[in-house]
1. Nothing charged except the Cβ atoms of Lys and Arg (+1) and of Asp and Glu (-1): what's the magnitude of the dipole of segment B:6-67 about its Cα centre? Round to the nearest 20 debye.
2. Across the residues of A:34-43, average count of Cβ atoms on other protein chains within 10 Å?
3. In whole Hz, what ³J(HN,Hα) sequence does segment A:30-35 give by Karplus (6.51, -1.76, 1.60; θ = phi - 60°), x for Gly and Pro?
4. Please give me the summed charge of the neighbours of A:Ala78: other residues whose Cβ is under 14 Å from its Cβ, Lys and Arg +1, Asp and Glu -1.
5. Highest first, please rank the peptides A:128-136, A:166-174 by the mean number of other Cβ atoms sitting within 10 Å of their residues.
6. For segment A:123-168, what relative contact order do you get, as a whole percent, if you take Cα pairs closer than 8 Å and at least 6 residues apart?
7. Report, in order of residue number, the helices in chain B meeting two criteria: a C-alpha extent of 30 Å or more along the helix axis, and a mean Kyte-Doolittle hydropathy of at least -1.0; treat each whole DSSP H run as one helix.
8. With θ set to phi - 60° and the Karplus curve 6.51 cos²θ - 1.76 cosθ + 1.60, what are the ³J(HN,Hα) couplings of segment A:5-13 in order, to the nearest whole Hz, using x for Gly and Pro?
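Nothing in this text is a laboratory measurement; each read-out follows from the coordinates by a stated rule. Keep in mind that what you see is a predicted model, and the values were worked out from it rather than measured. In this analysis, Cβ positions are derived from the backbone assuming ideal geometry, glycine residues included, and neighbour counts consider all displayed protein chains.
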Amino acid sequence: MEQAELIAAAQQGDRAAFDELVRQTFVDTFTLACRLTGNEEDARDVVQDAYLRAWRAIGKFRGEAQFSTWMYRITANASATHLRKRHRHRTEPLDEVTEPADMRPETQPATAFDSADTLEHVAAAINELPPKLRSVVVLKDVYDLPHEAIAEELGISVAAAKVRLHRARRRLRDELYEQGAEAHAV
Amino acid sequence: MRCDEVAALLPTLVDGTVPPNLAVEHHVESCLRCQAELARYRRLLRTLQQLRTRYIEPTPGLLGETLAALEEAAERRAVRSILSGRRLKYAGAIGGTAVATAATAALLIARSRRRGAPSLSLAS
């Protein structure tokens with residue numbers, strides 16, 4: 001069955017059709033949840049919440065965007081809710097930079113960025129960003145969502161989304177090209 | 001413009017959604033440092049885009065747990081819908097009875113008033 005047919009069936013209450021949509025998009029949604037939360041434990045909660053929300057709202061899906069893009073937006077919203085709750089319970093700073101636990105030079109992104117394993121280092125540098133900056137850079141630069149959609153799902157203004165993106169890119173650049181930054185500052 | 005002023009603008013300008021002003025453009029054209037800095041941001045953006053297809057394998061059993069959670073939620077929803085349907089039926093029955101009672105009472109009052117009222121022929 002094509003995805004459009006599955007969506008139409010799910011909108012009529014066909015659970016089996018919705019389950020199939022879950023199977024088709026699960027790895028993608030889980031990956032986004034991991035990128036947004038920075039860890040698999042939180043991603044598990046976010047991904048389940050996202051699919052529950054999607055099931056409740058499937059009747060409202062009009063097909064103007066792709067189903068995967070619709071799921072990205074729901075996942076972003078679920079992640080923002082989850083991180084806000086976690087922040088209240090654990091009083092973790094959402095804005096401050098957390099220091100990497102392993103400080104050996106060979107594990108630091110700045111010195112390792114030019115290695116063959118670049119993608120992994122960028123992913124690790126994203127994980128080191130504060131959640132508020134991480135969410136925006138992941139949704140915009142990795143998943144290509146428009147600023148308006150990002151702002152709506154994260155519950156912030158478009159201007160705030162743009163400012164956070166600017167700060168996130170700058171921090172990533174500093175993390176990954178630290179030596180270049182020093183040279184430039186001379 | 002100075003290099004640090006241009007460098008501060010590059011994170012926003014790199015994706016091309018905001019056009020740079022002429023002063024920035026001229027500076028970058030003639031400044032090797034800023035060209036290198038712009039190239040770093042471009043490379044960063046390209047790498048970020050590649051992450052889209054670098055999937056993370058879900059923890060074993062998570063798909064099954066998610067499907068089970070959906071099943072449970074669907075059952076709860078069905079039960080709620082049945083209960084709210086019953087509530088509507090009860091409310092409808094109670095409302096109907098109340099309307100019928102009020103109508104009967106109104107009828108009885110009207111009749112009793114008609115019987116109790118003095119007739120015109122007696123008055124004259």
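1. That gives a dipole near 180 debye.
2. Rounded to a whole number, the mean comes out at 2.
3. Those phi angles translate into 5, 4, 4, 4, 5, 5 Hz.
4. Charge balance near A:Ala78 sits at +3.
5. A:128-136, A:166-174
6. Once divided by the residue count of segment A:123-168, the mean separation gives 42 percent.
7. Taking the DSSP H segments of chain B (at least 30 Å long, mean hydropathy at least -1.0), we get B:62-116.
8. Per residue, the Karplus-derived 3J(HN,Hα) values read 5, 4, 5, 4, 5, 4, 5, 8, x Hz.
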